[in-house]
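J.: This is the structure, below, for whatever I ask next.
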Amino acid sequence: MSDNTRSAYESAKRRAGSLLTGALSAAFVMVVILGVMWAVEVVDFTMNGSLDREFGIVSLEPSGLLGIFFAPFLHVGFGHLMANSLPLLILGFLAALRGIGRFFAASLLIIVIGGIGTWATSGLDTVTVGASGLVFGYFGYVLARGIFDRRVFDILIGIGVAIVYYSILWGLLPNQQGISWQGHLFGLLGGVLSAWVLRRKREVL
């Protein structure tokens, strides 16, 4: 085996190992996050849903801003949580593949941008809870990451996500009763902005 061939082999081996490590870390983090959401919903169920009102995003009320950081972990019943769980698991896993630190930074930006947008544009005294803002945020993040980072692997992931999950964009339409299109829209915008803010830095020659 020539030196060039050996070097290419070792490089490919390192990349594969790094990807595997990233995948295992991403899977672990998402399972933990979902586990927390399910545990919170069990507690909320025993309290007759009082956590939703107390810690949800109450629009246009200063005290309702505190709900920005809690609302993604609250749901209106187990059906609501079940509807969010699988897309959150898949899209969150894909978002976390490039590093857990970067993933948490993107998640925080999505939560803050999505939450503030929801708080400011929803109807007066509206309470918003649920992880769908994160789902739309991770969707936007994964799509935009490939564009901003210009990595072939990330571009292919983004294309695959667009093909499989394009139908969730119907959730941006403001004609569905009981669904926060504001949370979806600003979550999506937060994901795209996160991809830009956290894009891979390039050396300036």
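The values are calculated or read from the model by the stated rules, or taken from the named source; none is laboratory data. These numbers were taken from a predicted model, which means no experiment stands behind them. When we count neighbours, we look across all protein chains shown, and the Cβ atoms used for this are built from the backbone with ideal geometry, even at glycine. To get the accessible areas, we keep the full protein, side chains included, count just its heavy atoms, and leave off ligands, DNA and RNA. Shrake-Rupley method; radii C 1.70, N 1.55, O 1.52, S 1.80 Å.
J.: Could you compute Rg(Cα) / (2.2 N^0.38 Å) for segment 118-205, with N its residue count?
T.: 1.24
J.: Also: Given a Förster distance of 35 angstrom, what is the FRET efficiency for N175 paired with V43, based on the Cβ-Cβ distance and rounded to 0.05?
T.: Efficiency for this residue pair is about 0.60.
J.: Would you mind finding the longest exposed-site-free stretch of the chain, with exposed trypsin sites (Lys or Arg not before Pro) meaning DSSP loop and at most 15 other Cβ atoms within 10 Å?
T.: Between exposed loop sites, the widest span is 1-149.
J.: Keeping every protein chain present and rolling a 1.4 Å probe, give me the accessible area per residue for the chain in Å².
T.: Numbers: 11320 Å² over 205 residues.
Per residue, the chain has an accessible area of 55 Å².
J.: Round to the nearest 10 and report in Å² the accessible area of M47, as given by a 1.4 Å probe over the protein chains' heavy atoms.
T.: Rounded to the nearest 10, that gives 80 Å².
J.: Sticking with this one: Can you compute the FRET efficiency between F69 and L20 using 1/(1 + (r/R0)^6), with r the Cβ-Cβ distance and R0 = 25 Å? Round to the nearest 0.05.
T.: Calculated value: 0.20.
J.: Can I ask one more? Can you give the FRET efficiency for E54 and V164, using 1/(1 + (r/R0)^6), R0 = 25 Å, r = Cβ-Cβ distance, to the nearest 0.05?
T.: About 0.10, to the nearest 0.05.
J.: Okay, moving on. Which residues among segment 17-55 fall inside the zone where the amide N is under 13 Å from a point 7 Å beyond the Cα of I100, along Cα→Cβ?
T.: 21-33
J.: To continue, here is another question. Quick one: if you stick a label point 7 Å off each Cα along the C-beta vector at V36 and R200, how many nm between them?
T.: 2.9 nm
J.: How big, on average over all directions, is the shadow cast by the Cα convex hull of the chain, in nm²?
T.: 13.7 nm²
J.: Oh, and also: Kindly provide the helix-only [θ] at 222 nm of the chain, computed as the sum of -39,500 (n - 2.57) over DSSP H runs of four or more divided by all residues, to the nearest 500 deg cm²/dmol? Don't skip to the end; give the middle numbers.
T.: Working: 7 runs with 140 residues, N = 205.
Helices in the chain give a 222 nm mean residue ellipticity of -23500 deg cm²/dmol.
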